[in-house]
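Working notes, beginning with the structure itself.
The values are calculated or read from the model by the stated rules, or taken from the named source; none is laboratory data. This one's a predicted model, so the numbers in the text were calculated from it and none came from an experiment. Here the Cβ positions follow ideal geometry from the backbone for every residue, glycine too, while neighbour counts run over all protein chains shown.
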Ligand code: COA
């Protein structure tokens, strides 16, 4: 009989079976925690009940509700979860966790506070908090080492990895693995009724060298620049576990947890988790076509990467180009890529063979005739792409979805040439397309909701992160990133070296500095694009970059660019460039200012992208910049960064730079930036 929508309880003889029912993953938000506590108290006080099984519908529990933390609710009552686990400790009746699906974070902590644990063979268990910038806060650092020993607990808490039931049973985390966990837990609970109630809190941490293990892990973390604040704090809590009585150590854990959970790094991690998932959520659409066969037009780097991504999702692929040599070179490169994956044990031989079996190729667009989806990845030129879409329309079925991989061209001009523009959509993959997760799914003026949903669905099937963008120059990512590159160019004119700019931004967290990115992408690409647009030289910002193009300093591929490259690929300063830059001088500019200018340039352009409605939300923009442009995930994204910095300070800096440089770029769009900070 359900007593509460999120928790149901039924009786099996004298055993009360309490089931969390908070889909999809049974997070332990406040209502679930409260309801569970009420049910536990009811069972404890009911004379007809002699033991309790705690289960979850489909999943045991994915732990704390990550959305609740930042709604002001989570941290306002950090002890309620402890109340729950504390109450389990005080119960006179035995409790057994019946784990199916996941028991993660607070979910596993709940199970650890029970008298015993049983799991389905497919269950996954873990404490992933340190991967989310914080640490366990409901006894995980105290009870886990008591269950599995300090060495295994250190491993699980520091890496945040989740383990199978089999591994968990071997470690001593589970009493049993059973395909019917509720049935097995019920039997175990019945057996425990007459025994003394086991509690992990009463168990000693067995290793004689426990303290030495923790201290050595702490020393390692202290030396490792990549060790997160979450890992360091969790190690402190583990140290308390091995040196202090249970309750004192538990109080330490709570203190560290509360301090950490409110820090920017943990907030950014939660924001990233939720934003990545929000980006792919679309309003439900009916009759979304299924895609089982695809054709990729263009056997260049991008086309091959896209084809590999499709194959990995078991979608049949035909790789098409205009001549046999290009096609063969494409297939050879793809085969080599799959072989490399096998050699590195990222793919089994069987999977490689299965993928090659569903790969075919050919010359001419007619080869695309039977595809459900055609993805065009030809040279980035409007006329060429329009020709392809016009010709494709004569070949494909009327219901085929036609996707363009254009990164900046006007999708509507391309779609115009197709017989069914409502079936045309943009799918802007990032290179290498089989590795990079981001896909900008471009919603053209005529794109139907079903076509858009189909493109999003395919991208998800490829395990990518699709973010919907409206048509506009450069869509979301390239448009915003261009302004960041432009600031880097302007800094050169003020006498800052490419090395200083790159290293300042890399130290701050960007995966690669702007000049290293440009050399990798190729300086010819943007130079030619500027020439084609007739704008080269008009904006002084690009004059130095244009000179690189004219000199043939295209970057890595030509051996010199913003850097000079040795035969072994090593990068050093390019002396010719240093000479070229010698005439640009100015007062010294600090790393801090470099970072602020470049990062706030992202924010400024993001505000225009929002005002123009090219992106639906600021979270989508952050998702694009983190997953496609090397913006550090631990900083959330440019918009999140601006919010943390505070819009008042952002506006002050923007005004200062506008006055100093006379550059009208320095002005945010007229947006209610946040409710709190709109001024
Ligand atoms: N808090 C809030 N929402 C959560 C959540 C959590 N801890 N865990 C999952 N969700 C939500 C997701 O946002 C998603 O919502 P949506 O359907 O509205 O988009 C939904 O649950 C499903 O999650 P998703 O990750 O898309 O599904 P999956 O099947 O690929 O993975 C999990 C399921 C549980 C493995 C994965 O979500 C996960 O690792 N969650 C985090 C667990 C965690 O770190 N807990 C520790 C917190 S103390």
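Of the residues contained in region 266-273, one or more are found to be within 30 Å of residue 243 (Cβ to Cβ), touching a residue at least 60 places away in the same chain (Cβ under 8 Å) and touching a helix residue (DSSP H, G or I) at 6+ places or on another chain (Cβ under 7 Å). Look at region 113-126: where a residue is under 12 Å from residue 54 (Cα atoms) and a partner is within 16 Å of the ligand (Cβ to nearest atom) and assigned to a loop (DSSP other than H, G, I, E, B), sitting 6+ places away or on another chain with Cβ atoms under 7 Å, you get 113/139.
When 206, 212, 227 are screened for being away from the ligand (no atom under 16 Å from the Cβ) and in contact with a helix residue (DSSP H, G or I) (Cβ under 6 Å, 6 or more places away or on another chain), only 227 passes. Evaluating residue 21 against the criteria (1) in contact (Cβ under 8 Å) with a residue 40 or more places away in the chain; (2) within 16 Å of the ligand (Cβ to nearest atom); (3) in contact with a strand residue (DSSP E or B) (Cβ under 9 Å, 6 or more places away or on another chain) leaves one unmet condition, (1). Take the conditions touching a residue at least 12 places away in the same chain (Cβ under 8 Å) and either more than 30 Å from residue 203 (Cβ to Cβ) or assigned by TED's automatic domain parsing to the domain that holds residue 156 (or both) and apply them to residue 278. Does it pass? Taking the combined requirement at face value, the residue satisfies it. If only residues of region 92-120 that are away from the ligand (no atom under 11 Å from the Cβ) and part of a helix (DSSP H, G or I) are counted, the one that is surrounded by the most Cβ atoms within 10 Å (Cβ to Cβ) is 111. Could you check region 432-459 and list, in sequence order, the residues that are over 21 Å from residue 399 (Cα atoms) and out of contact with any helix residue (DSSP H, G or I) (no Cβ under 6 Å at 6 or more places or on another chain)? Of everything in region 432-459, those that are over 21 Å from residue 399 (Cα atoms) and out of contact with any helix residue (DSSP H, G or I) (no Cβ under 6 Å at 6 or more places or on another chain) turn out to be 435, 436, 440.
Scanning region 221-239 for residues that are without any contact (Cβ under 8 Å) to a residue 24 or more places away in the chain and more than 27 Å from the chain's Cα centre (by Cα) turns up just one, 236. Just checking, does region 244-256 include any residue being within 16 Å of the ligand (Cβ to nearest atom) and closer than 24 Å to residue 426 by Cα? The answer is no, given that none of the residues of region 244-256 is within 16 Å of the ligand (Cβ to nearest atom) and closer than 24 Å to residue 426 by Cα. Test residue 62 against the criterion of being surrounded by fewer than 19 Cβ atoms within 10 Å (Cβ to Cβ) and within 24 Å of the chain's Cα centre (by Cα), and give yes or no. No, not satisfied. Does residue 282 fit the bill of being outside any helix (DSSP H, G or I), within 16 Å of the ligand (Cβ to nearest atom) and in contact with a helix residue (DSSP H, G or I) (Cβ under 7 Å, 6 or more places away or on another chain)? Yes. Quick one: would you say residue 70 is in contact with a strand residue (DSSP E or B) (Cβ under 9 Å, 6 or more places away or on another chain), within 13 Å of the ligand (Cβ to nearest atom) and touching a residue at least 24 places away in the same chain (Cβ under 8 Å)? No; evaluated as a whole, the condition is false for this residue. Among the numbered conditions (1) buried (at least 22 other Cβ atoms within 10 Å of the Cβ); (2) part of a helix (DSSP H, G or I); (3) more than 25 Å from the chain's Cα centre (by Cα), the only one that residue 547 does not meet is (1). Would you check if residue 266 is part of a helix (DSSP H, G or I), surrounded by fewer than 19 Cβ atoms within 10 Å (Cβ to Cβ) and within 16 Å of the ligand (Cβ to nearest atom)? It is false that residue 266 is part of a helix (DSSP H, G or I), surrounded by fewer than 19 Cβ atoms within 10 Å (Cβ to Cβ) and within 16 Å of the ligand (Cβ to nearest atom).
Look at residue 516 and say whether it is buried (at least 18 other Cβ atoms within 10 Å of the Cβ), within 29 Å of residue 411 (Cα to Cα) and either in the same structural domain as residue 583 (by TED's automatic domain parsing) or within 24 Å of the chain's Cα centre (by Cα) (or both). No. Where helices (runs of 4 or more DSSP H) sit wholly within region 583-676, those with at least 2 residues that are within 27 Å of residue 540 (Cβ to Cβ) and either free of Cβ contacts under 8 Å to residues at least 24 places away in the same chain or in contact with a strand residue (DSSP E or B) (Cβ under 8 Å, 6 or more places away or on another chain) (or both) occupy 591-611, 647-661. Of the strands (runs of 3 or more DSSP E) contained entirely in region 301-413, those carrying at least 2 residues that are surrounded by fewer than 24 Cβ atoms within 10 Å (Cβ to Cβ) fall at 316-321, 359-363. Hey, does region 397-412 have a residue that's more than 20 Å from residue 445 (Cα to Cα) and at pLDDT below 95? Yes, that holds for at least one residue. Within region 287-308, is there a residue that is outside the structural domain of residue 432 (by TED's automatic domain parsing) and free of Cβ contacts under 8 Å to residues at least 40 places away in the same chain? No.
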